[in-house]
């Protein structure tokens, strides 16, 4: 893919465009802000965002600030392509586990729309679901209170994967990193202010899904 040139951009802009194009070809999804900075020798993520904003103004890039890695090089008449509708099923706690709610604040009609081009290549099935995050135990994983996480259904997970879990005996739900331990399981937060949740082998841990994407809360993005 050749990157379209513009009089309003310099060599650094072109390098960023070329990296986004090559990364997209290899990984089937856009790079993160941090990955762009590392490749282009830019230490500040705010500076990377500055360049991306300029590219967007030049009409070379489409950005969706609600979505992690939400960017796409413009070359099609419909840059975002087909949309995928994902149902929002309820709330998940990123903090201390909360009781499973008897009633969800969301209705069956509640959903989020995501451009298919923004989705990881392996996660475009119609079985995806979404949960709204409460709490800040996963802030070091760039997941904040009010964000929406997109999950694929799963009953098992590998070490280090982020999962939505139902702690059956405790009747609680939580969003954490999953690790198998010798004596059970560890649900690890991404915030040093929170302690890991240890689950013994005789307790039932019901994995409901694995996180595949994060949609940022609009109010915070605009702040």
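Kindly indicate whether residue 215 is surrounded by 11 or more Cβ atoms within 10 Å (Cβ to Cβ), touching a strand residue (DSSP E or B) at 6+ places or on another chain (Cβ under 9 Å) and closer than 26 Å to residue 120 by Cβ. Taking the combined requirement at face value, the residue satisfies it. Do the conditions hold for residue 123, that is, is it modelled with pLDDT under 80 and surrounded by 14 or more Cβ atoms within 10 Å (Cβ to Cβ)? The answer is yes for residue 123. Step by step: first the residues of region 126-139, then only those that are modelled with pLDDT of 90 or more and assigned to a loop (DSSP other than H, G, I, E, B), then the one that is surrounded by the most Cβ atoms within 10 Å (Cβ to Cβ). Which residue is that? Restricting to residues being modelled with pLDDT of 90 or more and assigned to a loop (DSSP other than H, G, I, E, B), the top hit is 138. Strands (runs of 3 or more DSSP E) fully within region 140-189 that include at least 2 residues being in contact (Cβ under 8 Å) with a residue 12 or more places away in the chain and more than 24 Å from residue 65 (Cα to Cα): 162-167, 172-181, 184-188.
The values are calculated or read from the model by the stated rules, or taken from the named source; none is laboratory data. Owing to the predicted nature of the structure, the values given are computational and were not obtained by experimental measurement. So basically every Cβ, Gly included, is an ideal-geometry build from the backbone, and we count neighbours across all protein chains shown.
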